[in-house]
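Beneath this line is the structure, given in structure tokens, with notes to follow.
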Amino acid sequence: MITLLTGKKGSGKTKKLIELANAALETSKGCVVVIEKGLKLTYDISHAARLVDADAYKIQSADMLFGFVSGICAGNYDVTDILIDSTLKITGTGAEVVEELVEKLKKLGEEANTNFVLSISAAEDEIPASVVEFVAK
């Protein structure tokens, strides 16, 4: 399953992502991974989650992010949830990459039995129509 948290800066996406991460930790029988740009969530996310700084791994595009996430799933069979904060800042792109990234993550999620949550700093009308169904209400 894929969930997109969309909205402009300051609309509460990161707060919602933190809530979802901590909720996933309560129900997951496996690992929960949170990928962020920088280390700003260290004290907000429970220590039980694996917190990953995308900058430390030099992720600079949507393809690099997808490859990184694929590697996490390949290396750990029990990853149940991957949450990505500031997706567009990590990829260094605009909302145009969301469609292809979501399609790839959807397939990966089905194969690896993993849920994905992505925070996207863009208004809902900037999100491609093909992925609007994944936007959290």
- Inspect all residues belonging to region 4-25 and state whether any of them is in contact with an Asp or Glu (Cβ under 6 Å, 6 or more places away or on another chain), assigned to a strand (DSSP E or B), β-branched (Val, Ile, Thr) and closer than 18 Å to LYS106 by Cβ. yes
Assigned to a helix (DSSP H, G or I), of a type in the set (D, E, K, R), within 24 Å of TYR57 (Cβ to Cβ) and modelled with pLDDT under 90: is that true of GLU100 in this structure? no
Of the listed residues (LEU51, LEU83, LEU41, LEU118), the one being touching a strand residue (DSSP E or B) at 6+ places or on another chain (Cβ under 9 Å) and outside any strand (DSSP E or B) is LEU41
Counting only residues that are assigned to a helix (DSSP H, G or I) and surrounded by 18 or more Cβ atoms within 10 Å (Cβ to Cβ), region 86-97 contains a total of 6
Checked against (1) surrounded by fewer than 17 Cβ atoms within 10 Å (Cβ to Cβ); (2) at negative phi, GLY38 satisfies every condition except (2)
The condition from (1) closer than 24 Å to SER28 by Cα; (2) surrounded by fewer than 17 Cβ atoms within 10 Å (Cβ to Cβ); (3) modelled with pLDDT of 95 or more that VAL52 misses is numbered (2)
Looking across region 103-137 at residues that are acidic (Asp, Glu) and at pLDDT 90 or above, the single one that is farthest from ARG50 (Cα to Cα) is GLU133
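The values are calculated or read from the model by the stated rules, or taken from the named source; none is laboratory data. All of these numbers come straight from a predicted model, not from anything done at the bench. Methodologically, a virtual Cβ is constructed for each residue, glycine included, from the backbone with ideal geometry; neighbour enumeration extends over all protein chains shown.
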